[in-house]
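To start, the structure under review is shown below, and the notes come after it.
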Amino acid sequence: MDAQPVQAGPVEPARGMSTGKIVLLVVVVAILASAATVWVITHYVFPREFSPVQLSEKEQRVLDAKLERVEATTLGRPRQAGSPGTAPTDAGKPLEPERYSEAGAKREVAFTERELNALLARNTDLARKLAVDLSQDMASAKLLIPLDPDFPILGGKTLKVTAGLELRYADHKPVVALTGVSVWGVPIPNAWLGGLKNVDLVGEFGGQEGFWKSFADGIEYVQVTDGQVIVKLKE
């Protein structure tokens, strides 16, 4: 007796996403894409100006004291008596001739990241377009460059440039190397930078007469840490 063929029952179609869920997913993706586009445009394509650093009263007194010491060293005269950061008593008076002397001059100077950016803030226009960051063995900068209104396509807009510079002291000489340059978050090819990316400029050009040899010969020590730079000059 032949076996009767078994008839398969109706196959249930696989359930997909409902129309409502699909519409909701499309809306969510559109919102996320719009938010990402706005973020990229505001942070990279057309970035806003930076907010100048405002020091506290105590931080400002410390910075003023450092600047006063640097000025006194530059002019070859001792600091005037008074509390740190106070203005000289003869401010506004004509300078008087005096004998130059380096006795007691301190050749080491240290600035924090906030102090450097606060110095930029004294020039309001520059402070809103340039910001400096200090990290271990590196100084980084963000720069906003307004484009001329006649510039093709992007005329009147702002160009955002970021750059990193390795800065440290090794083998009895400073090491200065360009880490890289980016425009609107896109790294510039090394070939466009003249092949200088990650090249120790002092080691490369310090062996011949010129700026880098003079620069290296005048540095006793330099150190960049998180939020601070220390430089000591030779006699």
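Read the figures in this text as sums done on the coordinates, not as results from a lab. All values derive from a computational prediction rather than experimental measurement. Reconstructed Cβ throughout: ideal geometry from the backbone, glycine too, with neighbour counts over all protein chains shown.
So, by mean Cβ neighbours within 10 angstrom, what's the order for 164-171, 102-109 with the highest one leading?
Those peptides, ordered most packed to least, come out 164-171, 102-109.
Note down the nm distance, to one decimal, between modelled labels 7 Å out along Cα→Cβ at Ala170 and at Leu233.
2.7 nm
Which whole number in µm²/s is D for region 144-193 by Stokes-Einstein, with the Kirkwood Rh taken over Cα pairs at 37 °C and 0.692 mPa s?
Using the Kirkwood radius from Cα pairs, D works out to 251 µm²/s.
Between Arg122 and Leu147, what length in nm is gained on full extension when 0.36 nm per residue of separation is reduced by their alpha carbon distance?
Extra length from Arg122 to Leu147 when fully extended: 6.6 nm.
Any idea how far apart Gln54 and Asn198 come out in nm if each label point goes 7 Å out from Cα toward Cβ?
Here the answer is 4.3 nm between the modelled labels.
If you project the alpha carbons of region 112-185 onto their three principal axes, what span does each projection cover, largest first, in Å?
Computed over the Cα atoms, the extents are 49, 27, 17 Å.
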